[in-house]
1. Just a yes or no: is a residue in the range 139-147 modelled with pLDDT of 95 or more and out of contact with any helix residue (DSSP H, G or I) (no Cβ under 7 Å at 6 or more places or on another chain)?
2. Could you count how many residues in the range 88-105 are under 21 Å from residue 13 (Cα atoms) and either at pLDDT 95 or above or in contact with a strand residue (DSSP E or B) (Cβ under 9 Å, 6 or more places away or on another chain) (or both)?
3. Answer with yes or no whether residue 56 is more than 20 Å from residue 129 (Cβ to Cβ) and without any contact (Cβ under 8 Å) to a residue 24 or more places away in the chain.
4. Can you find a residue that is under 13 Å from the mean Cα position of the chain (by Cα) and modelled with pLDDT under 95 anywhere in the range 112-122?
5. If you go through the range 5-24 one residue at a time, how many are without any contact (Cβ under 8 Å) to a residue 60 or more places away in the chain and either under 20 Å from residue 78 (Cβ atoms) or over 19 Å from the mean Cα position of the chain (by Cα) (or both)?
6. Only one residue in 37, 61 is surrounded by 11 or more Cβ atoms within 10 Å (Cβ to Cβ), farther than 13 Å from residue 147 by Cβ and in contact (Cβ under 8 Å) with a residue 24 or more places away in the chain, so which one is that?
7. In this structure, does residue 29 turn out to be touching a strand residue (DSSP E or B) at 6+ places or on another chain (Cβ under 7 Å) and surrounded by 12 or more Cβ atoms within 10 Å (Cβ to Cβ)?
8. Among the residues of the range 13-56, which ones are within 16 Å of residue 91 (Cβ to Cβ) and in a loop (DSSP other than H, G, I, E, B)?
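The values are calculated or read from the model by the stated rules, or taken from the named source; none is laboratory data. Since the structure is predicted, the reported quantities are computational estimates derived from the model, not experimental observations. With ideal geometry, Cβ positions are generated from the backbone for all residues, glycine too; neighbour counts draw on all protein chains shown.
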């Protein structure tokens, strides 16, 4: 399998996301549904769903939790962080100065995680293309981040 991510520049400035990824000779693609920081007690069918603390509370901890789940899910499905093709980030407001400056947008946690587990994806290296989308709400009122991932399935 060949996977090549192209860097994105505005003028001469390297952006912290990729322009695009070309994948050749892969067995397939893995599409992870939105991954959130629900705890083991998370159950959207529970009658007291909105009242219970079913979500990791701190935004930075939510980001770490989601990224650890993504890593485990990809490995369970036969691929890895190394094969991520594209990511979509849904960040819950507030957005007093834009989504990228929201206190719930913890790109610092994302970058530290990738530097530890997959340095190629760090924002100063060659991260995959992505979207950062601000939302008013996610599945549970305490959730601040949901990440969707597409990864290649190697030979």
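1. Let us first name the residues in the range 139-147 that are modelled with pLDDT of 95 or more, namely 144-147.
Checking which are out of contact with any helix residue (DSSP H, G or I) (no Cβ under 7 Å at 6 or more places or on another chain) leaves us with 146.
Yes: one or more hits.
2. Residues that pass the stated criteria total 3.
3. Spelling it out, residue 56 is indeed more than 20 Å from residue 129 (Cβ to Cβ) and without any contact (Cβ under 8 Å) to a residue 24 or more places away in the chain.
4. Taking every residue of the range 112-122 in turn, at least one turns out to be under 13 Å from the mean Cα position of the chain (by Cα) and modelled with pLDDT under 95.
5. Qualifying residue count, the range 5-24: 7.
6. Values: 37 fails: farther than 13 Å from residue 147 by Cβ.
Selected residue: 61, the only one of 37, 61 that is surrounded by 11 or more Cβ atoms within 10 Å (Cβ to Cβ), farther than 13 Å from residue 147 by Cβ and in contact (Cβ under 8 Å) with a residue 24 or more places away in the chain.
7. yes
8. Going residue by residue through the range 13-56, those that are within 16 Å of residue 91 (Cβ to Cβ) are 16-17, 34-37, 55-56.
Listed by number, the residues that qualify are 36, 37, 56.
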